[in-house]
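Undergrad: A single structure is presented below for examination.
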Amino acid sequence: MASTAPAKVLVLCTGNSARSILGEYLLRSRGGGRFEAYSAGSHPTGRVHPLARRVLSERYGIDASSARSKSWTELEDMEFDYLITVCGHARESCPHWPGRTIRLHWGLPDPADPSLSETEAFDRFVQVAERLAGWVDRFCALSDAERRDETLLARIASL
């Protein structure tokens with residue numbers, strides 16, 4: 001029986017410090033080996049937000065200690081099956097990716113609001129992660145053929 005290579009997925013946002021990191025690590029964890037997940041940013045902050053790591057660890061049991069904030073230019077020579085933007089800026093400014101990449105948009109508010117208290121900020125990160133986890137779970141539940149149906153994929157973000 002032939003094995004299929006994992007689908008390559010790139011999750012993009014502006015800073016690559018929170019939403020895209022959450023998406024990458026949730027997809028790695030919940031994808032059952034069917035996906036090779038990456039994340040990057042259009043204007044990376046150079047650091048992963050500590051609350052992103054904390055939420056992944058405390059709420060999902062995921063170790064994201066190896067996560068790092070990086071530019072999408074580091075990955076521009078790779079071909080991806082799926083490109084998922086999680087913020088409007090990344091959606092608008094994302095370059096054309098080589099190959100037959102299916103583009104999805106799972107827009108989320110930036111949880112890194114410096115005006116929030118530590119407790120409020122953590123709660124915001126939890127909310128964003130829960131929304132992403134729902135989308136990731138629905139994406140992972142699709143068959144390979146269903147994941148090629150762009151109309152079906154677009155519905156995931158509306159749920």
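Undergrad: Under 13 Å from the mean Cα position of the chain (by Cα) and surrounded by fewer than 21 Cβ atoms within 10 Å (Cβ to Cβ): does that describe Lys8?
TA: Against the criterion (under 13 Å from the mean Cα position of the chain (by Cα) and surrounded by fewer than 21 Cβ atoms within 10 Å (Cβ to Cβ)), Lys8 qualifies.
Undergrad: Turning to a different aspect of this structure: So which residues in the range 60-88 are without any contact (Cβ under 8 Å) to a residue 40 or more places away in the chain and under 18 Å from Leu108 (Cα atoms)?
TA: Of everything in the range 60-88, just one residue is without any contact (Cβ under 8 Å) to a residue 40 or more places away in the chain and under 18 Å from Leu108 (Cα atoms), namely Gly88.
Undergrad: Right, next: Condition check: at pLDDT below 90 and more than 20 Å from Arg155 (Cα to Cα). Does Gly99 satisfy that?
TA: Against the criterion (at pLDDT below 90 and more than 20 Å from Arg155 (Cα to Cα)), Gly99 qualifies.
Undergrad: Out of all the residues in the range 62-78, which are part of a loop (DSSP other than H, G, I, E, B) and under 17 Å from the mean Cα position of the chain (by Cα)?
TA: Hits for the range 62-78 are Ile62, Asp63, Ala64, Ser65, Ser66, Ala67, Arg68, Ser69, Lys70, Glu76, Met78.
Undergrad: Using the structure shown, decide if Asp113 is at pLDDT below 90, under 23 Å from Val48 (Cα atoms), part of a loop (DSSP other than H, G, I, E, B) and acidic (Asp, Glu).
TA: Here the answer is yes, as Asp113 does meet what is asked.
Undergrad: Let me ask another. Checking Leu116 against (1) touching a residue at least 12 places away in the same chain (Cβ under 8 Å); (2) surrounded by 14 or more Cβ atoms within 10 Å (Cβ to Cβ): exactly one of these is not met. Which one?
TA: Among (1) touching a residue at least 12 places away in the same chain (Cβ under 8 Å); (2) surrounded by 14 or more Cβ atoms within 10 Å (Cβ to Cβ), the lone unmet condition for Leu116 is (1).
Undergrad: Kindly establish whether Ser57 is among the polar types (S, T, N, Q) and in contact (Cβ under 8 Å) with a residue 24 or more places away in the chain.
TA: No; evaluated as a whole, the condition is false for this residue.
Undergrad: Only one of these conditions is not met by Met78: (1) closer than 19 Å to Leu132 by Cα; (2) at pLDDT below 95; (3) not basic (Lys, Arg). Which number is it?
TA: With (1) closer than 19 Å to Leu132 by Cα; (2) at pLDDT below 95; (3) not basic (Lys, Arg) applied to Met78, the lone miss is (1).
Undergrad: Of all residues in the range 46-61, which are β-branched (Val, Ile, Thr) and either outside any loop (DSSP other than H, G, I, E, B) or surrounded by fewer than 14 Cβ atoms within 10 Å (Cβ to Cβ) (or both)?
TA: Answer for the range 46-61, where residues must be β-branched (Val, Ile, Thr) and either outside any loop (DSSP other than H, G, I, E, B) or surrounded by fewer than 14 Cβ atoms within 10 Å (Cβ to Cβ) (or both): just Val55.
Undergrad: Which of the residues that make up the range 127-147 are more than 15 Å from the chain's Cα centre (by Cα) and either surrounded by 14 or more Cβ atoms within 10 Å (Cβ to Cβ) or hydrophobic (A, V, I, L, M, F, W, C) (or both)?
TA: Within the range 127-147, Ala141, Leu142, Ala145, Arg147 meet the criteria.
The values are calculated or read from the model by the stated rules, or taken from the named source; none is laboratory data. If you're wondering where the values come from, they're calculated on a predicted model, not measured in any experiment. Note that we place each Cβ from the backbone using ideal geometry, even for glycine, and neighbour counts take in every protein chain shown.
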